[in-house]
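Novice: Supplied in structure tokens, the structure appears directly below.
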């Protein structure tokens with residue numbers, strides 16, 4: 001029974017609809033992105049560990065006075081991380097280096113995806 005499974009994207013989220021688990025050695029990461037990445041899955045890993053499939057989607061976020069496109073990682077151990085679009089070829093000759101961020105325990109880190 002072959003076939004292709006598709007995942008329907010949820011509608012845009014509003015303020016206060018994302019749960020963050022921040023405290024002690026854990027922080028959160030909000031990745032702001034250009035609107036053309038709406039629905040794209042991004043993957044994250046600590047720089048001292050291999051890619052393990054941890055990912056989130058860039059989604060439209062309807063805020064009080066504006067609209068933003070962002071992916072949220074609600075609980076990450078403090079440290080240095082790399083982000084990439086899922087499916088991107090890791091060969092630097094084909095794709096640029098992954099985006100790098102540092103997450104601090106007890107804080108929400110904000111990063112911007114290159115345009």
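The values are calculated or read from the model by the stated rules, or taken from the named source; none is laboratory data. Note that the coordinates shown come from a computational prediction; the quantities given were computed from them, not determined experimentally. As a convention, Cβ positions derive from the backbone with ideal geometry for all residues, glycine included, and neighbour counts pool all protein chains shown.
Novice: crowded, with 17+ Cβ neighbours inside 10 Å and at pLDDT below 95: which single residue out of 86, 42 fits that description? Full working, then the answer.
Specialist: Details: 86 fails: crowded, with 17+ Cβ neighbours inside 10 Å.
Result of the check over 86, 42: 42.
Novice: Which pairs turn up if I take residues in region 60-72 that are within 19 Å of residue 84 (Cα to Cα) and look for partners that are at pLDDT below 90 and assigned to a loop (DSSP other than H, G, I, E, B) with beta carbon separation below 8 Å, at least 6 apart in sequence or on another chain?
Specialist: Final answer for the pair search is 60/12; 72/18.
Novice: State all residues of region 105-115 that are loosely packed, with under 13 Cβ neighbours inside 10 Å and assigned to a loop (DSSP other than H, G, I, E, B); if no residue qualifies, say none. Steps first, please.
Specialist: First, the residues of region 105-115 that are loosely packed, with under 13 Cβ neighbours inside 10 Å: 106, 110, 114-115.
Passing the criteria: 106, 114, 115.
Here is a yes/no grid of residues against (1) farther than 22 Å from residue 22 by Cβ; (2) modelled with pLDDT under 90; (3) surrounded by 14 or more Cβ atoms within 10 Å (Cβ to Cβ):
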| residue | (1), (2), (3) |
| --- | --- |
| 50 | yes, no, no |
| 72 | no, no, yes |
| 79 | no, no, yes |
| 97 | yes, yes, no |
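Novice: Pick from region 22-39 the residues that are surrounded by fewer than 11 Cβ atoms within 10 Å (Cβ to Cβ) and touching a residue at least 24 places away in the same chain (Cβ under 8 Å): which of them is nearest to residue 106 (Cα to Cα)?
Specialist: Applying the first criterion (surrounded by fewer than 11 Cβ atoms within 10 Å (Cβ to Cβ)) to region 22-39 yields 24, 35-36.
Checking the rest, the ones that are also touching a residue at least 24 places away in the same chain (Cβ under 8 Å) come to 24, 35.
Numbers: 24: 5, 35: 29 Å.
The qualifying residue nearest to residue 106 (Cα to Cα) is 24.
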